[in-house]
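**Student:** Sharing a structure below in C-alpha cells format, with a few things to ask.
The values are calculated or read from the model by the stated rules, or taken from the named source; none is laboratory data. Keep in mind the model is a prediction, meaning the values are calculated, not measured. All Cβ positions, glycine included, derive from the backbone under ideal geometry; neighbour counts span all protein chains shown. When the accessible area is computed, the model is the full protein with side chains, heavy atoms only, and any ligands, DNA or RNA have been set aside. Shrake-Rupley method; radii C 1.70, N 1.55, O 1.52, S 1.80 Å.
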Amino acid sequence: MNPIEYVRVEALESLKAKEAILADEALLSLIARAAEVLAETYRRGGKSLWAGNGGSAADAQHMAAELVNKFRMDRRGLPALALTVDTSILTAVGNDYGYERVFAKQIEALGAPGDVFVGISTSGRSANLVACAEECRKKGIFSIALLGASACPMDEYDLPIHLPSTLTPRIQECQTLVGHILCGYVEQLMFSE
C-alpha cells in the first residue's frame with residue numbers, strides 16, 4: 001500500500017467509527033448522561049477523578065486538564081484529578097499492594113461520596129481499573145467507563161460507555177472525542193447563561 005493510500009485508509013476507519021457513534025441514539029444518550037452526571041457532581045461541590053493505562057493514562061490527564069483549566073470558554077476551574085500522575089503514590093501502592101490497587105487506593109484516599117470517577121480502557125479488562133468499581137461503590141462515588149465495543153469486567157461500572165470499535169487506535173480516537181464532548185457539554189451545562 002502506498003503512503004497516501006495508507007493515510008486514507010486510517011482516516012476512513014476513524015471516520016467510520018465516529019459515524020457509528022452518530023448513528024447510535026442509545027450511545028449518544030449515554031454520553032450526554034455522563035456529562036450530566038459530571039455537571040451535577042460539580043454543582044454539588046464534588047470532583048472528578050480520572051484514570052487509565054498507557055495512552056488512556058494520557059487521556060485521563062488530558063481531560064482532567066481541560067476541566068481544571070478551560071475547554072472552550074474562560075470560566076472558573078473545575079476540580080478534576082488524574083490518578084495517573086504521582087509516581088511516588090503509584091510506585092508505593094504498586095510495591096505494597098500490587099499494581100491492581102494503584103487507582104483504587106487513591107479513590108479510597110482522595111475520593112468522597114458524591115464524586116465521580118472516569119476509568120478509560122480500550123479492553124475494559126485492566127485489573128487496576130476493574131478494582132475501581134468496588135472502591136467507588138464503597139465510597140458512594142459514581143463510576144463512568146469509556147470502553148471499546150466488547151463486553152468486559154468494567155461493565156460493572158455505574159455507566160459503561162462502549163464505543164463502536166475493537167481496534168485500539170479507533171477506540172482511543174473515539175475516547176478522546178467523547179472526552180472532549182464531556183468537557184464541552186459540562187461547560188455548557190454549568191456556565192452558559
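**Student:** Using +1 at the C-beta of Lys and Arg and -1 at the C-beta of Asp and Glu, which of P79, Y185, F117 has the Cα lying farthest in the positive direction of the dipole of the chain?
**Tutor:** Checked the options; the winner is P79.
**Student:** About the Cα centre of the chain, how large is the charge dipole given +1 on each Lys and Arg Cβ and -1 on each Asp and Glu Cβ? Please answer in debye to the nearest 20. Don't jump to the answer; show the numbers that get you there.
**Tutor:** Working: 18 positive and 24 negative charges, 70 e Å.
With only Lys, Arg, Asp and Glu charged at Cβ, the dipole is about 340 debye.
**Student:** Scan around W50 for amide H atoms under 5 Å from its own, H built in the peptide plane at 1.01 Å from N, and keep only partners 5 or more places away or cross-chain.
**Tutor:** Residues meeting the criterion, in which the H sits 1.01 Å from N, are L81, A82, L83, V118.
**Student:** In the chain, how many lysine pairs have Cα atoms under 30 Å apart, counting only pairs 8 or more places apart or on different chains?
**Tutor:** Close lysine pairs found across the chain: 11.
**Student:** In nm, what is the difference between 0.36 nm times the number of residues separating E156 and I181 and their Cα-Cα distance? Provide the component values of the computation, followed by the final result.
**Tutor:** Details: separation 25, 0.36 × 25 = 9.00 nm, distance 2.31 nm.
That pair, E156 and I181, stretches by 6.7 nm at full extension.
**Student:** Here is a follow-up. Tell me, which longest segment in the chain has none of the trypsin sites (Lys or Arg not before Pro) that fall in DSSP loops with at most 11 further Cβ atoms within 10 Å?
**Tutor:** Values: sites that count: R44, R76.
Counting at most 11 other Cβ atoms within 10 Å as exposed, the longest clean stretch of the chain is 77-193.
**Student:** So, one more: What is the distance, in nm, between label points placed 7 Å from the Cα along the Cα-to-Cβ direction at L167 and at A26?
**Tutor:** Those two pseudo-labels are separated by 2.4 nm.
**Student:** So, one more: Is it possible to state the helix-based mean residue ellipticity at 222 nm for the chain, with each DSSP H run of 4+ residues giving -39500 (n - 2.57), the sum divided by total residues, to the nearest 500 deg cm²/dmol? What is it?
**Tutor:** -18500 deg cm²/dmol
**Student:** Based on alpha-carbon atoms only, what is the radius of gyration of the stretch 10-98 relative to the globular estimate 2.2 N^0.38 Å? Before the final figure, lay out the partial values.
**Tutor:** Details: Rg = 16.4 Å, N = 89, 2.2 N^0.38 = 12.1 Å.
Relative to the 2.2 N^0.38 Å estimate, the stretch 10-98 comes out at 1.35.
**Student:** With every protein chain kept in the model, how would you rank D155, D59 by accessible area, 1.4 Å probe, largest at the top? Write out the running numbers ahead of the final one.
**Tutor:** Numbers: D155 55, D59 20 Å².
Ranked list, largest accessible area first: D155, D59.
**Student:** So if we plug the beta-carbon distance of M73 and R44 into 1/(1 + (r/R0)^6) with R0 = 22 Å, what FRET efficiency do we get, rounded to 0.05?
**Tutor:** On the way: r = 21 Å, r/R0 = 0.97.
Given R0 = 22 Å and the Cβ-Cβ separation, E is 0.55.
**Student:** Give or take rounding to whole Å, what are the principal axis extents of the alpha carbon atoms in the stretch 111-150, in descending order?
**Tutor:** The Cα atoms of the stretch 111-150 stretch 29, 15, 12 Å along the principal axes, largest first.
**Student:** Between V102, V85, V37, find the one with the highest GNM mean-square fluctuation for the chain; connect C-alpha pairs within less than 10 Å.
**Tutor:** So, out of V102, V85, V37, the one fluctuating most is V85.
**Student:** For the chain, which whole-number percentage of the solvent-accessible area (1.4 Å probe, protein heavy atoms only) is attributable to carbon and sulfur atoms? Display every interim value, and only then the final one.
**Tutor:** Values: 5190 of 9310 Å².
That share works out to 56 percent.
**Student:** How many Å² of accessible area per residue for the stretch 103-143, probe 1.4 Å? Don't jump to the answer; show the numbers that get you there.
**Tutor:** Numbers: 1460 Å² over 41 residues.
Computed with neighbouring chains in place, this is 36 Å² per residue.
**Student:** Using only Cα atoms, locate the centre of the stretch 1-60 and the centre of the stretch 75-104, then give the distance between them in Å, rounded to an integer.
**Tutor:** Going from one Cα centre to the other spans 22 Å.
**Student:** Expected output is a single nm value to one decimal: the length gained when fully extending between M1 and T87, i.e. 0.36 nm times separation in residues minus the C-alpha distance. What is it? Please list the in-between numbers first.
**Tutor:** Numbers: separation 86, 0.36 × 86 = 30.96 nm, distance 4.17 nm.
Extra length from M1 to T87 when fully extended: 26.8 nm.
**Student:** Moving on. Give the residue from G98, Y6, G45 lying farthest towards the positive end of the charge dipole for the chain; charges sit on Cβ (+1 for Lys and Arg, -1 for Asp and Glu) and the dipole is referred to the Cα centre.
**Tutor:** Highest projection toward the positive end goes to G45.
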